[in-house]
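Structure first, commentary second.
Read-outs: derived from the displayed coordinates by stated rules, not from any lab. Not measured: the values here are computed from a predicted model. In this analysis, Cβ positions are derived from the backbone assuming ideal geometry, glycine residues included, and neighbour counts consider all displayed protein chains.
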Amino acid sequence: MSKRFFRARDFPTPFGKISLPAMEIPRRGLPHVDARRKKALKHAVATDLTGILGFIPYVGNLVGGQISDLHGAEIYKILTPDEMAKFVKADKQIPSNGLALLYSFVGG
């Protein structure tokens, strides 16, 4: 079941009729999180938290980047190719790795 925001409409213009489709957002269920996905989710949250290390003067950004890269490599090892493709697509739209991973588990 989906939630409808706008119904389909036709607008007359001097150049002809413009038809706009109905806009709907599909409802998403809760993701199934097994032990493998839970492990990947922990690494994604850790990747997000490494941004805090950037506040440490001089070395924080370097250390945070290295730790983030290590957690990212573990995420790549854990996810299946299909999940990885969904995660990469969602990661470009959602700034948080944890939220992007959850979105990819739901089917985004």
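Hand me the chymotrypsin sites (Phe, Trp or Tyr not before Pro) from the stretch 54-104 located in a DSSP loop with no more than 10 other Cβ atoms within 10 Å, in residue order please. Write out the running numbers ahead of the final one.
On the way: sites: Phe55, Tyr58, Tyr76, Phe87, Tyr103; in loops: Tyr58.
Here the sparse-neighbourhood loop sites are Tyr58.
Can you pull out the chymotrypsin sites (Phe, Trp or Tyr not before Pro) in the stretch 1-35 whose DSSP state is coil and whose Cβ has at most 15 other Cβ atoms within 10 Å? Working shown, then result.
Values: sites: Phe5, Phe6, Phe15; in loops: Phe15.
Filter output for the stretch 1-35: Phe15.
Compute the angle between helix 97-106 and the longest alpha-carbon principal axis of the chain, please, reported from 0 to 90 degrees and rounded to the nearest 10.
On a 0 to 90 degree scale, this one is about 50.
Please give the calculated 222 nm ellipticity per residue for the chain, where each DSSP H segment of at least 4 residues contributes -39500 (n - 2.57) and the sum is spread over every residue; nearest 500 deg cm²/dmol?
Working: 4 runs with 57 residues, N = 108.
Using -39500 (n - 2.57) per qualifying helix, the result is -17000 deg cm²/dmol.
Using alpha carbons only, how many degrees (0 to 90, rounded to 10) separate the axis of helix 81-93 from the longest principal axis of the chain?
That helix lies at roughly 80 degrees to the long axis.
Would you check the chain for Lys pairs whose C-alpha atoms are within less than 19 Å, ignoring same-chain pairs closer than 8 in sequence, and give me the count? Kindly include the intermediate steps, with their values, before the conclusion.
Details: Lys38/Lys77; Lys38/Lys86; Lys39/Lys77; Lys39/Lys86; Lys42/Lys77; Lys42/Lys86; Lys77/Lys86; Lys77/Lys89.
Close lysine pairs under the 19 Å cut-off: 8.
Rg and Dmax of the chain, Cα atoms, in Å?
Cα radius of gyration and Dmax of the chain are 20.2, 63 Å respectively.
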